[in-house]
Amino acid sequence: MRRRPRRHRLGWATAGAHPPAPGRIMHAEIAGAGFAGLAAAIALHQRGWSVRVHEKEAELRAFGAGIFIWENGQRVLQALGAYEDVARGAHQAPAYETRRNGRCVSYQEINGDNPFLLQTMTRQHLYSAIIAAARRRGIEILTRSEAVGARPEGVLELAGGRRLEADLVIAADGVRSAVRDSLGRPCARHKYQDGIVRVLVDRAPFQGGSWEHVIDFWAFEPRTLRILYAPCEAGRLYFAMMAPREDKEAATLPIKPEVWASVFPMLEPAIRTIGSRGRYDIYETTRLESWSAGRVAIVGDAAHALPPTLAQGACLAMMNALSLAVLVTGAADVPAALQHWEAQERPLTDHTQARSAELARTRALGAGMQWDDVGLVAARHIPFGTRPEEFVRRPPGA
Ligand SMILES: Cc1cc2nc3c(=O)[nH]c(=O)nc-3n(C[C@H](O)[C@H](O)[C@H](O)COP(=O)(O)OP(=O)(O)OC[C@H]3O[C@@H](n4cnc5c(N)ncnc54)[C@H](O)[C@@H]3O)c2cc1C
């Protein structure tokens with residue numbers, strides 16, 4: 001793993017570095033009820049904090065797409081009390097294969113007794129399980145509550161002018177984080193050459209045999225296109241449809257079914273049902289000089305968005321949220337604890353981000369899955385704050 005020298009900004013650590021009075025309950029204000037914000041809220045609450053989550057949207061729901069959760073993410077979900085609900089229903093494919101221009105170029109058995117634990121599900125399935133875990137703890141989640149900024153001394157600023165003081169403020173408001181940007185710290189963003197349409201379709205035409213697998217369909221002729229096929233729970237099927245941004249016929253919404261069906265005729269029955277649905281995103285990376293400023297921690301995509309080539313964005317977001325809660329609990333100096341957290345977690349995140357970026361740049365997944373010791377470091381990592389002995393593999397449907 002590539003390691004780089006750590007730079008500590010001790011000046012920030014002094015902002016609001018006053019220890020709590022003994023016995024006082026510590027309080028966190030969290031911007032963003034996504035995977036990172038909710039994981040942080042639950043993990044802090046488990047450790048005796050009072051927490052409040054602010055979500056700018058009117059409803060708590062995930063958009064219509066699927067998600068892959070590797071073993072490290074599954075372990076965090078177990079620590080958060082959400083794993084049983086996730087595993088019940090999520091698809092555990094028996095194999096993961098890559099087909100290039102119709103030919104199988106890589107094949108790996110997964111799940112069961114294999115060392116590759118990877119569940120696929122709709123985002124709503126994952127989100128509902130985490131929300132349920134938060135609700136069971138009585139965590140306060142405010143919708144239509146938009147955060148616009150934060151102050152290093154421990155203040156979250158809301159649209160409308162309210163200022164909320166806290167021992168810890170968490171910016172978990174995603175890749176376009178307003179809270180992060182309000183801090184004025186350097187943030188490098190990079191966009192890659194491909195864009196991706198994500199959509200859920202009916203799985204009915206694709207049953208049994210290799211249709212139970214996750215299949216990464218690639219084509220480089222007559223044009224570069226990819227459909228990542230992933231069965232999910234309850235008869236849903238996730239398509240992640242990648243195309244070069246410059247391919248204006250393919251990298252667009254609504255999708256043009258004839259373009260995709262001509263390259264992937266075996267998937268045509270589903271492609272024809274997509275209509276105007278789907279969400280389009282461009283692969284991108286966010287990189288910060290520091291993940292904290294005083295009492296403000298920046299977590300998840302707000303700190304380290306990465307291309308989805310290793311399916312680690314949400315897994316890392318939840319992992320880092322959990323370790324943040326562990327390290328900040330009981331700390332006399334919150335800003336120093338946040339620097340410690342970054343020093344501990346950042347090398348693995350940076351490594352995974354760099355490898356994901358390389359795979360996005362080179363489109364190397366088209367030659368087969370890249371599940372080597374470089375690519376799978378995060379997936380195999382035992383997250384800080386989890387108990388390895390408590391993790392039990394769930395048989396499909398259990
Ligand atoms: C194409 C694609 C496929 C992916 N596939 C996978 C995968 O298979 N596996 C995986 O682990 N990861 C995957 N990821 C990455 C994953 O989606 C993200 O890493 C993850 O969603 C990050 O979670 P987050 O909570 O940091 O941010 P988000 O999920 O973006 O959540 C941020 C939340 O904050 C809210 N918010 C935003 N602004 C404000 C504000 N100002 N005030 C209050 N609330 C606000 C938003 O509404 C949202 O609810 C993928 C990403 C992409 C682009």
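The values are calculated or read from the model by the stated rules, or taken from the named source; none is laboratory data. Worth saying up front: this structure is predicted, and the values here are computed from it rather than measured. Note that we place each Cβ from the backbone using ideal geometry, even for glycine, and neighbour counts take in every protein chain shown. For the accessible areas, the whole protein counts, side chains as well, though only heavy atoms, and no ligand, DNA or RNA atoms are used. Shrake-Rupley method; radii C 1.70, N 1.55, O 1.52, S 1.80 Å.
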**Request:** Find out how many positive minus negative residues lie around P257, taking Lys and Arg as positive, Asp and Glu as negative, among other residues whose Cβ is under 13 Å from that of P257.
**Result:** 0
**Request:** Output the direction-averaged projected area (hull surface divided by four) of the convex hull of the alpha-carbon atoms of the chain, in nm².
**Result:** 18.9
**Request:** Report the antiparallel proportion of the DSSP beta bridges in segment 94-223 as a percent, rounded to a multiple of 5.
**Result:** 70
**Request:** Please get the size of the charge dipole for segment 123-173, origin at its Cα centre, with Cβ charges of +1 on Lys and Arg and -1 on Asp and Glu, quoted in debye to the nearest 20.
**Result:** 340
**Fill in**
In units of 2.2 N^0.38 Å, the Cα radius of gyration of segment 33-92 is 1.23
**Asked** Once you charge only the Cβ atoms, +1 for Lys and Arg and -1 for Asp and Glu, what is the size of the charge dipole of the chain about its Cα centre, to the nearest 20 debye?
**Response** 480
**Item:** Cα-based shape type of segment 97-154, given that a ≥ b ≥ c are square roots of the gyration tensor eigenvalues and the cut on a/c is 1.5
**Value:** prolate
**Asked** Of the accessible area of the chain, with the probe set at 1.4 angstrom, what percent is carbon plus sulfur?
**Response** 50
**Message:** Checking a compactness column here: for segment 248-398, what do you get for Rg(Cα) / (2.2 N^0.38 Å), N being the number of residues?
**Reply:** 1.32
**Prompt:** Quick one: which of 64-70, 100-106, 143-149 comes out on top by average Cβ neighbours within 10 Å, and what's the full order, highest first?
**Reply:** 64-70, 143-149, 100-106
**Request:** Compute the Cα gyration tensor for segment 118-238, then decide on rounded, prolate or oblate, letting a ≥ b ≥ c be the square roots of its eigenvalues: rounded whenever a/c is under 1.5, prolate when a/b is larger than b/c in the other cases, and oblate in all that remain.
**Result:** oblate
**Asked** Using a Gaussian network model of the chain with C-alpha springs under 10 Å, which one of V175, V374, V328 is most mobile by mean-square fluctuation?
**Response** V374
**Request:** Return the single residue from I110, I141, I25 with maximal mean-square fluctuation; model: Gaussian network over the chain, springs between Cα atoms under 10 Å.
**Result:** I25
**Item:** Percentage relative contact order, segment 319-398, counting C-alpha pairs under 8 Å, at least six apart
**Value:** 35
**Prompt:** Could you give the Stokes-Einstein D for segment 209-276 in µm² per second, using the C-alpha Kirkwood radius, 25 °C, 0.890 mPa s?
**Reply:** 196
**Fill in**
Of 319-325, 347-353, ordering from highest average Cβ density within 10 Å down gives 319-325, 347-353
**Dipole magnitude of segment 24-150, debye to nearest 20 (Cβ charges: Lys/Arg +1, Asp/Glu -1, about Cα centre)** = 120
**Asked** Counting Lys +1, Arg +1, Asp -1, Glu -1, what net charge surrounds H45 among other residues with beta carbon under 11 Å of its beta carbon?
**Response** +3
**Message:** Give me Rg/Rg_expected for segment 151-303, where Rg uses Cα atoms only and Rg_expected = 2.2 N^0.38 Å with N residues.
**Reply:** 1.38
**Asked** Of the residues A337, A204, A240, which exhibits the maximal mean-square fluctuation in a Gaussian network model of the chain defined by a 10 Å Cα contact cut-off?
**Response** A204
